[in-house]
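Have a look at the structure below, then the notes.
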Amino acid sequence: MKSVNVISEEILAEWHKWGVTSRPENIQRIPGGLTNQNFLLCSDGVELLLRLNNKATSLSIYREEELTIHRQMAKAGLAPKLRYHSAELNYWVRDFIPGATLNAAPSTDELRAIAQILASVHSQHPTCNLHTLDVRAACSQYLAQCDGNSEAVIRLKSELAKLAPLPAEEACLCHLDPLPANWLRDIAGKLWLLDWEYAAIAHPALDYAALQLQLPENMQASFESFVPENFREVMPDARAQVQLLDRSWRLAHASE
């Protein structure tokens, strides 16, 4: 997605739908994010975060599902509550939460808390019919967008054929992108899990593996000690699936 540095007048004209008393001022773009664009807005002392959603179909994002799951997670106290979303789901607005995303090397206490929150996510029963993540199908879809004769695609297709499946009977609601950048610690110390756009029914080990692979090597074993014991045996297979999914996604969107 190309970087957007301003919010359109069409969107700003809807400020009265956001539960504020005046048109927002002091609009600042928040850097970061691979798919969406975030902005900090202020209206009579109220700070808002507006997220412009990338609607590209190549991303395989189900915005209606994301909205429903985000609302459910907000009720559970795991995600920030939304103030407003447009009918087309091209943007939504929530209160801005002062704090900071986790750095690349979270503390031991943060890793323990992350594992506990992920377990809480996995215990939630979706309030909508979520799609089930098929890693093989998702990777194949991404690779189909690439030059099929390239060395990288041929190599990834070979690895895809060797992927070991995860126990289907253990599938549940998963975030599927719980990287450090998608965790916010507010000024009171509470952790919030953001950006539920890839949430789906999947094996919970994929969530733990996705986070683990982002950690420095000397922290990965420590984090795995917080993973529920019954999932540790399949963590190598989960890591292989996450790595292949990430590499396929990045290859498909490398030129955007």
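The values are calculated or read from the model by the stated rules, or taken from the named source; none is laboratory data. No experiment lies behind these values; they were computed from the predicted model shown. Cβ coordinates were reconstructed from backbone atoms using ideal geometry, including for glycine residues, and neighbour counts include every protein chain displayed.
A few remarks follow.
- Residue among Ala100, Ala79 that alone is at pLDDT below 95 and either on the phi < 0 side of the Ramachandran plot or among the hydrophobic types (A, V, I, L, M, F, W, C) (or both): Ala100
- Residue identified as in the same structural domain as Leu133 (by TED's automatic domain parsing) and more than 18 Å from Trp249 (Cβ to Cβ) among Leu206, Leu184, Leu179: Leu184
Each row is one residue, and each column tells you yes or no for (1) outside the structural domain of Glu14 (by TED's automatic domain parsing); (2) over 20 Å from Glu197 (Cα atoms); (3) in contact with a Ser or Thr (Cβ under 8 Å, 6 or more places away or on another chain).
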| site | (1), (2), (3) |
| --- | --- |
| Lys81 | no, no, no |
| Pro106 | yes, yes, no |
| Ala113 | yes, yes, no |
| Asn129 | yes, no, no |
| Arg136 | yes, no, no |
| Gln141 | yes, no, yes |
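- Region 97-114 residues that are touching a residue at least 12 places away in the same chain (Cβ under 8 Å), paired with ones that are among the charged types (D, E, K, R) (beta carbon under 7 Å, 6 or more apart): Ile97/Asp186; Pro98/Asp186; Gly99/Arg185; Gly99/Asp186; Ala100/Arg185; Leu102/Glu110; Leu102/Arg185
- Only listed residue being closer than 29 Å to Ala252 by Cβ, free of Cβ contacts under 8 Å to residues at least 12 places away in the same chain and either of a type outside the set (A, V, I, L, M, F, W, C) or crowded, with 19+ Cβ neighbours inside 10 Å (or both), chosen from Thr57, Thr68: Thr57
- Among the residues making up region 121-137, a single one is polar (S, T, N, Q) and surrounded by 14 or more Cβ atoms within 10 Å (Cβ to Cβ): Gln124.
- Ala105 being surrounded by fewer than 14 Cβ atoms within 10 Å (Cβ to Cβ) and farther than 15 Å from Ala205 by Cα: yes
- Every residue from region 106-156 that is under 18 Å from the mean Cα position of the chain (by Cα) and within 19 Å of Leu59 (Cβ to Cβ): Leu130, His131, Thr132, Leu133, Asp134, Val135, Ala138, Cys139, Tyr142
- Here Leu245 meets the list (1) at pLDDT below 95; (2) under 21 Å from the mean Cα position of the chain (by Cα); (3) more than 13 Å from Ala115 (Cα to Cα) almost entirely, failing just condition (1).
- Residues of region 45-98 that are over 17 Å from Gly33 (Cα atoms), charged (D, E, K, R), out of contact with any helix residue (DSSP H, G or I) (no Cβ under 7 Å at 6 or more places or on another chain) and part of a loop (DSSP other than H, G, I, E, B): Glu88 alone.
- Those residues of region 74-90 which are farther than 24 Å from Val20 by Cβ and either surrounded by 16 or more Cβ atoms within 10 Å (Cβ to Cβ) or β-branched (Val, Ile, Thr) (or both), in sequence order: Leu78
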